[in-house]
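Below is one structure; the comments refer to it alone.
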Amino acid sequence: MKKALITGITGQDGSYLAELLLSKDYEVYGVRRRTSTPNFENVAHIQNDIHWLSGDMTDLASLIEAVRQSNPDEVYNLAAQSFVAASWPQPLATGQITALSVTNMLEAVRIAKPEARFYQASSSEMFGKVLETPQTEMTPFYPRSPYGVAKVYGHWITVNYRESFDMFACSGILFNHESPRRGLEFVTRKVSDAVARIKLGLQQELRMGNLDSLRDWGFAGDYVKAMWLMLQQDRPDDYVISTGEMHSVRELLQIAFSHVGLNYEDYVVIDPQFVRPAEVDLLLGDCAKAKEKLGWRLEVGFEQLVRMMVDADLERVKRQAAVEASVVV
Ligand code: NDP
Ligand code: GDR
């Protein structure tokens with residue numbers, strides 16, 4: 001039985017990856033940090049199948065202990081301050097958690113289990129300002145946010161540990177991927193949640209930022225398969241994972257609202273507080289290398305993804321409203 005250690009297991013990707021590894025009969029260990037109110041929403045259904053370890057990405061000793069206790073064959077480093085907009089008001093915390101903590105995790109592996117295979121969650125935000133499209137593993141980086149800068153550090157330190165210490169360390173340059181488990185502040189989930197609330201009469205408007213930005217959006221369930229595939233190869237390497245299709249935030253709004261028979265223009269208000277100090281205008285990935293070398297394929301397309309998220313939020317908001325109504329009665 002193989003053993004895997006996942007950081008960021010309570011997040012969107014961590015929960016899908018844990019499901020995938022459990023379905024492949026892995027023993028799954030998850031690092032979680034102490035919070036005043038535990039948040040297990042994404043992993044509630046598999047909570048008892050996971051071996052829980054306590055640790056914080058900024059605390060090397062706790063990560064060494066997590067590697068010692070789990071003795072993993074594979075380590076998936078997914079934990080991060082992952083919300084780009086929060087990285088301007090919190091640049092130092094973002095640097096500590098999203099950049100330097102990658103070195104913490106690499107050190108923990110180097111010290112406690114150097115032969116373990118290591119996956120780093122790199123990001124298309126590293127490309128930032130458009131230097132070429134579509135973007136490949138060879139496209140230069142020009143990050144546009146403290147988050148993007150931190151991810152560039154995490155990417156290069158992973159490459160450096162591979163080259164310096166001969167570690168099996170891979171970096172997946174993943175473009176945006178979404179699901180009903182996406183955090184509520186990210187644009188796709190913010191929209192699907194608002195559409196559900198507006199349809200059910202619980203919200204009147206939706207305040208948004210830049211509707212013209214273009215993203216390459218895929219389904220998180222497809223993307224975690226690529227993470228696993230990277231660690232099953234003969235040699236460690238870096239791969240772009242994307243759909244190769246680009247859509248605007250405006251298109252996202254059109255599809256989501258029209259799915260419930262509404263017109264987004266009747267509800268959306270532009271609010272400068274959601275416009276970023278520096279924007280990544282467009283992201284479009286070319287994942288030819290992953291298709292050829294990993295045999296990776298995506299299954300869920302953009303419109304299907306948006307409809308899946310709106311349907312899931314309609315169900316969830318209805319359930320919540322019913323619970324609240326029964327409490328009032
Ligand atoms: P989420 O924001 O959903 O999850 C982040 C996870 O990191 C949570 O489990 C969170 O725990 C954990 N975490 C944050 N800070 C710490 C800390 N100090 N110590 C321990 N754990 C911590 O992110 P996603 O699942 O969407 O993304 C996973 C990774 O992939 C991230 O590194 C992200 O930057 C990267 N990425 C994501 C993409 C996407 O489109 N989703 C695209 C490219 C890269 P808690 O629950 O306690 O907050
Ligand atoms: P992103 O995702 O910054 O690409 O990072 P997000 O969904 O936050 O933004 C996507 C685009 O939508 C525009 N936008 C808005 N975004 C939010 N959140 N809220 C709004 O109201 C709004 N209005 C317009 C943004 O300006 C942006 O252009 C995600 C994260 O998961 C990162 O961790 C990951 O590395 C990258 O994807 C790839």
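The values are calculated or read from the model by the stated rules, or taken from the named source; none is laboratory data. Treat the numbers as computed from the prediction; the structure is a model and nothing was measured. With ideal geometry, Cβ positions are generated from the backbone for all residues, glycine too; neighbour counts draw on all protein chains shown.
Annotations for the structure displayed:
- Single residue of A312, A290 found to be in contact with a Pro (Cβ under 9 Å, 6 or more places away or on another chain), small (G, A, S) and outside the structural domain of Q135 (by TED's automatic domain parsing): A312
- Candidate set from the stretch 105-132 (those that are under 14 Å from D281 (Cα atoms) and touching a Phe, Trp or Tyr at 6+ places or on another chain (Cβ under 9 Å)); member that is surrounded by the most Cβ atoms within 10 Å (Cβ to Cβ): F127
- The residue of the stretch 67-97 that is surrounded by the most Cβ atoms within 10 Å (Cβ to Cβ), among those that are under 27 Å from D25 (Cβ atoms) and within 10 Å of ligand 1 (Cβ to nearest atom), is Y76.
- None of V191, V149, V195 is within 21 Å of S82 (Cα to Cα), in the same structural domain as L211 (by TED's automatic domain parsing) and surrounded by 20 or more Cβ atoms within 10 Å (Cβ to Cβ) except V191.
- Just one residue in the set T103, T158, T133 is touching a strand residue (DSSP E or B) at 6+ places or on another chain (Cβ under 8 Å), assigned by TED's automatic domain parsing to the domain that holds P236, part of a helix (DSSP H, G or I) and away from ligand 2 (no atom under 14 Å from the Cβ); that residue is T158.
- Residues in the stretch 235-261 that are within 14 Å of ligand 2 (Cβ to nearest atom) and either touching a residue at least 40 places away in the same chain (Cβ under 8 Å) or over 15 Å from E303 (Cβ atoms) (or both): V240, I241, S242, T243, H247, V249, L252, L253, A256.
- Test set (1) free of Cβ contacts under 8 Å to residues at least 60 places away in the same chain; (2) more than 14 Å from ligand 1 (Cβ to nearest atom) - K3 fails condition number: (1)
- Counting residues in the stretch 62-81 that are closer than 14 Å to I97 by Cβ, in the same structural domain as R144 (by TED's automatic domain parsing), assigned to a helix (DSSP H, G or I) and not polar (S, T, N, Q) gives one or more.
- Test: residue in the stretch 178-187 that is part of a loop (DSSP other than H, G, I, E, B) and either more than 14 Å from ligand 1 (Cβ to nearest atom) or without any contact (Cβ under 8 Å) to a residue 12 or more places away in the chain (or both): yes
- R207 vs. criteria assigned by TED's automatic domain parsing to the domain that holds Y264, in contact (Cβ under 8 Å) with a residue 40 or more places away in the chain and within 11 Å of ligand 2 (Cβ to nearest atom): yes
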